[in-house]
Amino acid sequence: MKHRFVSLVLAGLWLCMAGSVRAKMLEAPLSEKKIERMQEQELPVYLHAKTLEYQETGNVYIGRGYVDIRYGDMRLRADEAVFYADTGQTRATGNVILDDGENRLVGEELEINLRSKLGILYRGEAFLAPAYFLTGEKIERLAEDKFLITRGTYTTCDQSLPDWKFRVERCLVHLEHYAYLTDFSLYIKKVPVFRFPYALLPIKTQRATGLLIPRLGYSNIDGFIVGESFFWAINDWADATVSADYFSKRGIGSSLEMRYALTPEDEGKLQSYLIRDWLTKQDRWKTYINIRQELGDGVKSVLRADLLSDRRYEQDLDTDISRRRRQEQDSYLWLYKNWDAYGASSIAEYTEDLYNTRKNKRWRLPELKIFAISQPVLDTPLFYKLELSGLNWSRDLASGEEETQRLHLYPQVRLPLEIGPRSVITPRAGYLQTWYTKNQQGVSDQRGLYELGIRLDGPQPYRIYERQASSGLTKIKHLFQPFIDYSYISQEDQADLLKFDALDEIPGENIVRYGIMQHVLGFFSSPEQAEALRELLLLTISQEYDIGAERREELSGQPRRPFLPLKFDLELKPTPRLRLDWELRYDVYTGKVADNNMDSWLTLSDYMSLVAGWRYTNGEIDDGQTQVDNINTLYGGVNLNLGKKIALGFSGNHNVEYNQWVEKRYSLTYTSQCWSVGLSFVDRFDKDDFIFNISMTGLS
């Protein structure tokens, strides 16, 4: 039966894979039983063509001219097609296009079974989601996620002339697993680069076991650097990376990194590195472990091990400036549990000094602590909090070993009283009692200190300014919050006590603290969402007046300076793209800045961001009592994204005190649709590193 130049849409026709069709729409009727069985089990097939021919023998449909066959989420288009309704087998020729979900096959001829989706494409090309492009004289679909290429190409570049491709004699592609390449060559554009008989490449969008892209670099201290890593995706919650590095001047190193994440609360990481250092003729190593684990019944634990073979390991071998400048390494095991109003914790800790060349190691073995957060006493307006801790510690110094046991008790009560609109006055009292099994003379000792204080917060006047702005800012609230606090801690001679941490030397205190806080809040609204509140500015200006400093400084022969440096603390966030944090201390007696710490972040657009900061400490001024080293360091960085392909970066750390760059870091990255290449140069005051990396999308 032929229909010329007539488009037949058999929308109501159920062409089942077993060949059932509605008898009333065809000249060849089928049994009602077969129709019912196939309608229950199969999806409908819709067939459209310029001319359509039906052959009852074999239950075959032949379409010519703009053939369009749809089955489920599959759509097949061609110049001609033969469809066997009993089996679902289909043969299409001429301008073949097959869409199957996100995948597309295009070629001259296609043999496919619509039911199983298996088939062969001749002289065609295929796109496999998310980003795999195949061509071949023959592309065979062996399974839903397996394709076999014969005499074709494989790439992830979406270009008529790919930036890179593998020309293969045979290639088995197993999506989310591996590509098995036989007798293949790598081409950059039209130029062959190398040829290999066989390769196994991971092509997973998720974590995949396999070799990573090699690392290349150069250092004026370490020499040429070549590194390779093997990544092992153990399971859904654990993986590991094994690496080997070759430094032409430094030696050969190897590393192991393991990670797991059972839950957001239960995770861990282990990193270990070992190198035979030709420069120092030593075996040098580093081990870092960080594990967070919930033990049940609300008990949580944190294990951290930070161990080095020698104190100069990170200064010589680490590339991160913050770790290169570390002064201590710290390892501990911490257990804790919190209830609604109480908590308990225990910590065992080991600390070693990396800065001082003399021997200095400390052990906290262990410390037990029980505390109660501030809470009311029965149904009264009186609040209390409590801290009880016991500590066994020892220290290994060049002068010998020291050890003691310490028990510390700190109860405190306070009584907040409202004295007016938005005004609260809070008196408080506490006692700090500490017992020691040994002091510097090797005998037991104790210390008891009284604590008294009172704090006034408020009143808190405010004003609201209405605005009509296109930016969505509808209202601004300015809140003024003054405070004054008096604190007294009794004075006691503590010279005989062994000093382990700040708790072993609590100075007497007779100080008044006062200041003001100014909040600027913005109310934003938009047609898409309700009104939102955001803090635009927080400025705190405060100072301390040391009442006891009058007599103390007179006895020591120093000038009277009871006013401590004036403190300014500013947090400025006028827009989500700009933030400034600024902390400054100003000495009112010398007229000099004691500390000036500034951090700023600015995102100008999607293509440019800036960061800058300043660290300054005047070593001659430290609360008027001690002297520390001068610090005057500037840091900053800029990131530029040019045309969404080229990224430039610069960051630096400059020591103004010595007029010396501590570190300058330059980077250039070019990212194409299917590959990227990066160059970076790190110029340090004692070492230069050049690093090169390249990646090909979809390979590792």
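Just one residue in the set Arg325, Arg362 is of a type in the set (Lys, Arg) and closer than 30 Å to Gly227 by Cβ; that residue is Arg325. One residue alone among Ile347, Ile425, Ile373 is free of Cβ contacts under 8 Å to residues at least 24 places away in the same chain, on the phi < 0 side of the Ramachandran plot and assigned to a strand (DSSP E or B), and that residue is Ile347.
Taking each residue of the stretch 53-69 that is within 14 Å of Ala92 (Cβ to Cβ) and looking for partners that are part of a strand (DSSP E or B) and polar (S, T, N, Q) with beta-carbon atoms closer than 9 Å, six or more apart or interchain, yields Tyr61/Gln55; Ile62/Thr51; Ile62/Gln55; Gly63/Thr51; Arg64/Thr51; Gly65/Thr51; Ile69/Thr90. The set of residues from the stretch 306-348 being touching a Ser or Thr at 6+ places or on another chain (Cβ under 9 Å) and of a type in the set (Phe, Trp, Tyr) comprises Tyr332, Trp334, Tyr336.
Filtering Asp163, Asp158 for residues that are exposed (fewer than 15 other Cβ atoms within 10 Å of the Cβ) and at pLDDT below 90 leaves a single hit, Asp158. Of all the numbered requirements in (1) within 24 Å of Asp445 (Cβ to Cβ); (2) out of contact with any Lys or Arg (no Cβ under 8 Å at 6 or more places or on another chain); (3) of a type in the set (S, T, N, Q), Ser389 misses one, and that requirement is (2).
Within the stretch 111-125, if we keep just the residues that are under 21 Å from Cys157 (Cα atoms) and either modelled with pLDDT under 90 or touching a Ser or Thr at 6+ places or on another chain (Cβ under 8 Å) (or both), the residue that is surrounded by the fewest Cβ atoms within 10 Å (Cβ to Cβ) turns out to be Glu125. The residues in the stretch 560-604 that are within 22 Å of the chain's Cα centre (by Cα), loosely packed, with under 15 Cβ neighbours inside 10 Å and not basic (Lys, Arg) can be counted, and the count is 2. If the condition is being without any contact (Cβ under 8 Å) to a residue 40 or more places away in the chain, more than 42 Å from the chain's Cα centre (by Cα) and either more than 23 Å from Leu386 (Cα to Cα) or not in a strand (DSSP E or B) (or both), then the stretch 428-460 contributes Thr437, Gly442, Val443, Ser444, Pro459. Do we find that Arg463 is over 23 Å from Leu368 (Cβ atoms), loosely packed, with under 15 Cβ neighbours inside 10 Å and without any contact (Cβ under 8 Å) to a residue 12 or more places away in the chain in this structure? Spelling it out, it is not the case that Arg463 is over 23 Å from Leu368 (Cβ atoms), loosely packed, with under 15 Cβ neighbours inside 10 Å and without any contact (Cβ under 8 Å) to a residue 12 or more places away in the chain. Scanning the stretch 582-621 for residues that are closer than 30 Å to Lys645 by Cβ and either of a type in the set (Val, Ile, Thr) or at pLDDT 90 or above (or both) yields a total of 10. Residues that are surrounded by 16 or more Cβ atoms within 10 Å (Cβ to Cβ) and free of Cβ contacts under 8 Å to residues at least 40 places away in the same chain within the stretch 395-412 comprise Tyr410, Pro411, Gln412, listed in sequence order.
Scanning the stretch 463-513 for residues that are in a loop (DSSP other than H, G, I, E, B) and of a type in the set (A, V, I, L, M, F, W, C) yields Ala469, Ala495, Leu497, Leu498, Phe500, Ile506. Scanning the stretch 158-181 for any residue that is hydroxyl-bearing (Ser, Thr, Tyr) and over 26 Å from Val96 (Cα atoms) turns up at least one such residue. Annotation note: of Gly453, Gly458, Gly420, the sole residue that is in contact with a strand residue (DSSP E or B) (Cβ under 8 Å, 6 or more places away or on another chain), of a type outside the set (Asp, Glu) and more than 22 Å from Glu509 (Cα to Cα) is Gly458.
Criterion applied to Gly94, Gly65, Gly58 was being more than 52 Å from the chain's Cα centre (by Cα), part of a strand (DSSP E or B) and either at pLDDT below 90 or surrounded by fewer than 19 Cβ atoms within 10 Å (Cβ to Cβ) (or both), and the one residue passing it is Gly65. In the stretch 559-570, the residues that are at pLDDT 95 or above and among the charged types (D, E, K, R) reach residues that are surrounded by fewer than 16 Cβ atoms within 10 Å (Cβ to Cβ) and in a strand (DSSP E or B) with C-beta atoms within less than 6 angstrom, at least six apart or across chains, in these pairs: Asp569/Glu583.
If I filter the stretch 622-633 for residues that are in contact with a Phe, Trp or Tyr (Cβ under 8 Å, 6 or more places away or on another chain), modelled with pLDDT under 90 and among the charged types (D, E, K, R), do I get at least one hit?
no
Yes or no, residue by residue, for (1) farther than 29 Å from Glu451 by Cα; (2) of a type in the set (Val, Ile, Thr); (3) assigned to a strand (DSSP E or B):
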| site | (1), (2), (3) |
| --- | --- |
| Thr319 | yes, yes, no |
| Ser331 | yes, no, yes |
| Tyr336 | no, no, yes |
| Thr351 | yes, yes, yes |
| Pro366 | no, no, yes |
| Leu378 | no, no, no |
| Glu402 | yes, no, yes |
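The residue that is modelled with the lowest pLDDT, among those in the stretch 656-670 that are among the hydroxyl-bearing types (Ser, Thr, Tyr) and more than 15 Å from Arg615 (Cα to Cα), is Tyr670. Are any residues in the stretch 192-218 over 21 Å from Val677 (Cα atoms) and of a type outside the set (Phe, Trp, Tyr), and if so, which ones? Once the filter is applied, which keeps residues that are over 21 Å from Val677 (Cα atoms) and of a type outside the set (Phe, Trp, Tyr), the stretch 192-218 yields Arg195, Pro197, Ala199, Leu200, Gln206, Arg207, Ala208, Thr209.
Based on what the data block shows, is Tyr616 of a type in the set (Phe, Trp, Tyr), in contact with a Gly (Cβ under 7 Å, 6 or more places away or on another chain) and either surrounded by 14 or more Cβ atoms within 10 Å (Cβ to Cβ) or within 20 Å of Pro565 (Cβ to Cβ) (or both)? Against the criterion (of a type in the set (Phe, Trp, Tyr), in contact with a Gly (Cβ under 7 Å, 6 or more places away or on another chain) and either surrounded by 14 or more Cβ atoms within 10 Å (Cβ to Cβ) or within 20 Å of Pro565 (Cβ to Cβ) (or both)), Tyr616 does not qualify.
Is at least one residue of the stretch 370-384 closer than 25 Å to Leu497 by Cβ, surrounded by 15 or more Cβ atoms within 10 Å (Cβ to Cβ) and touching a Leu at 6+ places or on another chain (Cβ under 7 Å)? The answer is yes; a qualifying residue exists. For Leu274, the criteria (1) in contact (Cβ under 8 Å) with a residue 24 or more places away in the chain; (2) under 29 Å from Arg215 (Cα atoms) hold in every case but one, which is (1). When the stretch 196-255 is filtered for residues that are in contact (Cβ under 8 Å) with a residue 60 or more places away in the chain, in a loop (DSSP other than H, G, I, E, B), under 24 Å from the mean Cα position of the chain (by Cα) and surrounded by fewer than 15 Cβ atoms within 10 Å (Cβ to Cβ), the ones remaining, listed by number, are Thr205, Ile213.
The values are calculated or read from the model by the stated rules, or taken from the named source; none is laboratory data. All values reported here derive from a predicted model rather than from experimental measurement. Cβ sites come from the backbone with ideal geometry, for glycine too, and all protein chains shown count toward neighbours.
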